Amino acid sequence: MPHVGETAPDFALTNQDGATVRLSDFRGKKVVLFAYPKAGTSGCTTQACGFRDQFPKLESNNVAVLGISPDAPKDQKKWKDKEGLQYDLLSDIDHAVLEQWGAWGEKSMYGKKYMGVIRSHWVIDENGTIIDEQLGVSAKDSVEKAVKTLGW
């Protein structure tokens with residue numbers, strides 16, 4: 001699991017349009033990478049739309065945004081279009097990248113334990129170094145903390 005001050009491990013995942021996206025494609029830009037449990041759910045929509053609403057400011061400051069979940073690309077595409085998200089959503093169906101980044105683990109709902117995505121985000125600088133890591137962050141706090149890390 002990568003931590004603040006370490007180089008973000010590269011990965012290649014399929015986006016909502018079926019294209020392969022690599023984290024290393026964004027070297028030279030800062031990146032906000034956020035992990036969310038399921039497209040279209042209320043908390044995930046809060047988080048994703050928060051980054052959508054901040055996107056013009058982020059983009060104008062050379063910051064890319066990427067969302068990652070175990071959803072299939074077609075489900076991400078439907079959600080992206082519905083919510084007007086301007087950035088890529090990456091499909092990690094087998095949750096290998098989510099596990100590598102520490103965002104997959106035991107959760108509990110209504111007394112039942114299960115494995116799933118731990119809502120998280122990372123801010124990565126232009127050189128690929130992690131400058132902020134928030135595991136288990138709330139949907140609203142994720143956006144606020146990421147933007148604060150970027151200095152706004």
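Here are the numbers for this structure:
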item	result
The stretch 108-125, residues that are farther than 16 Å from Ala139 by Cα and either in contact with a Lys or Arg (Cβ under 8 Å, 6 or more places away or on another chain) or among the aromatic types (Phe, Trp, Tyr) (or both)	Tyr110, Lys113, Tyr114, Met115, Ile124, Asp125
Residues of the stretch 58-86 classified as of a type outside the set (Asp, Glu) and over 19 Å from Lys145 (Cα atoms), total	14
Cβ-Cβ under 8 Å pairs, at least 6 apart or on other chains, the stretch 11-26 side in contact (Cβ under 8 Å) with a residue 60 or more places away in the chain, far side part of a loop (DSSP other than H, G, I, E, B)	Leu13/Asp92; Leu23/Ala8; Leu23/Pro9; Leu23/Asp10; Leu23/Phe11; Leu23/Gly128; Ser24/Asp10; Ser24/Gly128
Cross-chain or 6+ apart pairs with Cβ under 6 Å, the stretch 68-92 first and closer than 17 Å to Val32 by Cβ and in a loop (DSSP other than H, G, I, E, B), then modelled with pLDDT of 95 or more and small (Gly, Ala, Ser)	Leu85/Ala48
Test: residue in the stretch 42-60 that is exposed (fewer than 13 other Cβ atoms within 10 Å of the Cβ) and closer than 17 Å to Gly136 by Cα	yes
Filtered residue count, the stretch 97-142, keeping only those that are closer than 21 Å to Asn62 by Cβ and touching a Pro at 6+ places or on another chain (Cβ under 6 Å)	1
Residue list for the stretch 133-144, restricted to those being out of contact with any His (no Cβ under 6 Å at 6 or more places or on another chain), part of a strand (DSSP E or B) and free of Cβ contacts under 8 Å to residues at least 24 places away in the same chain	none
Residue pairs meeting the criteria (Cβ under 6 Å; at least 6 apart or on separate chains; first touching a residue at least 60 places away in the same chain (Cβ under 8 Å), in the stretch 47-66; second surrounded by fewer than 21 Cβ atoms within 10 Å (Cβ to Cβ))	Gln47/Ala139; Gln54/Val147; Asn62/Lys29; Val63/Lys30
Any hit, the stretch 116-132, residues being outside any loop (DSSP other than H, G, I, E, B), surrounded by 15 or more Cβ atoms within 10 Å (Cβ to Cβ) and without any contact (Cβ under 8 Å) to a residue 24 or more places away in the chain	no
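The values are calculated or read from the model by the stated rules, or taken from the named source; none is laboratory data. Remember, it's a predicted structure, so these values are computed and weren't measured experimentally. Don't worry about glycine lacking a Cβ; one is built from the backbone with ideal geometry, like all the others, and counts go over all protein chains shown.
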